[in-house]
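Below is one structure, written out as structure tokens; comments come after it.
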Amino acid sequence: QVQLVESGGGLVQPGGSLRLSCEASGIMSKFYKWNWYRQAPGKQRELLARITTDDVTEYEDAVKCRFTISRDNAKNMAYLDMNRLQPDDTAVYYCAAIGSDVAYWGQGTQVTVSS
């Protein structure tokens, strides 16, 4: 059974940082691309960042230069380092492992940016 579990969310003040982690079980993540998404209340889910199996990264403009995606194949994990967080970054954050013909999703972790 494939399972992705996100962790690291929480409450942070504006300007602060968080590191989200996503641990996969039941797959060998080195064969998958990793994507991070978020969904704010009343908004559609948006793709924030992706990393390929060759460690090529791509970011959505709103988070470029603030967020960094990375992966650790040995640990079957992906990460999203988030800096200079702002209230607009408040959302549920999701990771996804993307294969050639399948995608697996985590359950999401809440990030709230507020003073």
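Check which residues have an amide H placed less than 5 Å from Glu58's amide H, if you skip close sequence neighbours.
Amide H neighbours of Glu58, under 5 Å, 5+ apart: Arg50.
Within the chain, which cysteines find no other Cys whose Cβ is under 4.7 angstrom from their own?
Cys65
Bear in mind that the values in this text are calculations on the coordinates, not laboratory data. Since we're looking at a predicted model, the values are computed, not measured. For neighbour counting, all protein chains shown are included, and Cβ atoms are generated from backbone atoms with ideal geometry for every residue, glycine included.
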